[in-house]
Amino acid sequence: DEHLDDLLAAGSTAIFFSRLSQIDDCKAFLDARGLGYTEVRGATNAAARAEAVRKHNAGEVKIFLGSESACGVGISLYTLATMIIASPQ
């Protein structure tokens, strides 16, 4: 929370998590702050995945959430200013 405003001031941010429950916690936090985001998980189909990437790259949302396994290959987020890989134990 203490760094989110600084990250968003720098530009688009992606946050990749090792566990899906962490994505859910982050979504609840972002919803409470009224911040838009898009997400990709392993169960996300190809069309929804492409739409999530498009929305982020078009600047419609500044935060891209995803699981490490679902986003590790094949996603180009060329608008990113910051990428965070969060794998807390």
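The values are calculated or read from the model by the stated rules, or taken from the named source; none is laboratory data. Quantities reported herein were computed from a predicted structural model and do not represent experimental measurements. Positions of Cβ are backbone-derived with ideal geometry, glycine not excepted, and every protein chain shown enters the neighbour counts. Quick note on the areas: whole protein, heavy atoms, side chains included, nothing else; ligands and nucleic acids left out. Shrake-Rupley method; radii C 1.70, N 1.55, O 1.52, S 1.80 Å.
When the residues of the range 1-41 are narrowed to those that are among the small types (G, A, S) and either at pLDDT 90 or above or farther than 17 Å from A81 by Cα (or both), which ends up most open to solvent (accessible area, probe 1.4 Å)? Give the derivation first.
Of the range 1-41, the ones among the small types (G, A, S) are 9-12, 14, 18, 21, 28, 32, 34, 36.
Remaining after also requiring either at pLDDT 90 or above or farther than 17 Å from A81 by Cα (or both): 18, 21, 28, 32, 34, 36.
Values: S18: 58, S21: 66, A28: 60, A32: 89, G34: 67, G36: 44 Å².
By that ranking, first place goes to A32.
For the range 73-84, which positions are open to solvent by 60 Å² or more (accessible area, probe 1.4 Å) and not aromatic (F, W, Y)? Give the steps one after another, and end with the answer.
Going residue by residue through the range 73-84, those that are open to solvent by 60 Å² or more (accessible area, probe 1.4 Å) are 73-74, 76, 78, 83.
Within the range 73-84, V73, G74, S76, M83 meet the criteria.
Among the candidates G36, G11, G42, which residue alone is of a type outside the set (S, T, Y) and either at positive phi or touching a Gly at 6+ places or on another chain (Cβ under 7 Å) (or both)? Spell out the reasoning first.
Details: G36 fails: either at positive phi or touching a Gly at 6+ places or on another chain (Cβ under 7 Å) (or both); G42 fails: either at positive phi or touching a Gly at 6+ places or on another chain (Cβ under 7 Å) (or both).
Result of the check over G36, G11, G42: G11.
If you scan the range 42-63, which residues turn out to be in a helix (DSSP H, G or I) and either open to solvent by less than 40 Å² (accessible area, probe 1.4 Å) or among the aromatic types (F, W, Y) (or both)?
Looking only at the range 42-63, we keep the residues that are in a helix (DSSP H, G or I), and these are 46-57.
Answer for the range 42-63, where residues must be in a helix (DSSP H, G or I) and either open to solvent by less than 40 Å² (accessible area, probe 1.4 Å) or among the aromatic types (F, W, Y) (or both): A52, V53, H56, N57.
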